[in-house]
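Accompanying notes for the structure given below.
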Amino acid sequence: MSLQTVTRAAESDLEPIEIYKVLADVSNLPRWAPAFADSIESTDKTHFRVTKNGDSFDMELFLHPAALAVDYIREMADHRRGGAYIRVTPRPLGGSAVIITVPIAPTTNESDVAKVLEQELAEIIRLTRP
C-alpha cells in the first residue's frame, strides 16, 4: 500500500495557545508555508483565495479552538478535498508539540514532502517566539 499522507511533529517550550494563534491567523500562512502560498486574499471569514506561482485556488479554514486544531482545506485532484491538518498538544512538563499531516501530491514523493514539513514546523515555532 502506498502512502497517501506525510505526518511530522516538532516540540518546543512554547505554550500551545501561542502556537495555535499563529496557525489560526491565515495571514501567517505564506510566511511559514511558502511552498504552499505566495499570497492569500480573504473572501469571507473562513474562505480564502490562495495564489502560488501565479495560479490561484480556493481554500477553507477550519478552526477548532478547544482542540487547538487548525485545518487548511482545498479541493484537490478528482474533486477530493484535503490539505493540512495541524494539531497543537501540550507536553506534560510544559511546552507543546505541533503535528502536521498533509497529502502527498502525485508529482511529489514522501521524502520531499517530509523535508518541507520539517521546514514549516521550524518556521511556525520561530514565528511564535516573542
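Where a number appears in this text, it was derived from the coordinates with a stated rule and is not lab data. All values reported here derive from a predicted model rather than from experimental measurement. Heads up, the Cβs are rebuilt from the backbone with ideal geometry, glycines too, and the neighbour counts pull from every protein chain shown.
In the chain, once you exclude exposed trypsin sites (Lys or Arg not before Pro) (DSSP loop, at most 16 other Cβ within 10 angstrom), what's the longest stretch remaining? The partial results should precede the final answer.
Values: sites that count: K45, R80.
It runs 81-130.
Pop the C-beta distance of I99 and M76 into the FRET formula with R0 = 25 Å and round what comes out to the nearest 0.05.
Details: r = 21 Å, r/R0 = 0.82.
Rounded to the nearest 0.05, the efficiency is 0.75.
Work out the length of the dipole vector of the chain about its Cα centre, built from +1 on the beta-carbon of each Lys and Arg and -1 on the beta-carbon of each Asp and Glu, and round it to the nearest 20 debye.
Working: 14 positive and 19 negative charges, 34 e Å.
In debye, rounded to 20, the chain gives about 160.
Take every Cα pair under 8 Å in the chain that's 6+ residues apart, average their separations, divide by the length, and report that relative contact order as a whole percent.
On the way: 230 pairs, mean separation 43.6, N = 130.
The normalised contact order for the chain reaches 34 percent.
Can you find, among T108, G83, V98, the residue sitting farthest towards the positive end of the charge dipole of the chain, where Lys and Arg contribute +1 and Asp and Glu -1 at Cβ?
Farthest towards the positive pole: V98.
Can you give the FRET efficiency to the nearest 0.05 for S39 and E15, using r as the Cβ-Cβ distance and R₀ = 22 Å?
The pair S39/E15 has a calculated efficiency of 0.15.
Divide the volume of the convex hull of the Cα atoms of the chain by its number of residues and quote the answer in cubic angstrom per residue.
120 Å³
For the range 1-78, give the magnitude of the charge dipole about the Cα centre (Cβ charges: +1 Lys/Arg, -1 Asp/Glu; no others), in debye to the nearest 20. Don't skip to the answer; put the middle values down first.
On the way: 7 positive and 14 negative charges, 18 e Å.
The dipole of the range 1-78 has a size of about 80 debye.
Under 22 Å Cα-Cα from K115, which lysines qualify once same-chain neighbours fewer than 8 residues away are excluded?
Cα-Cα hits under 22 Å: K52.
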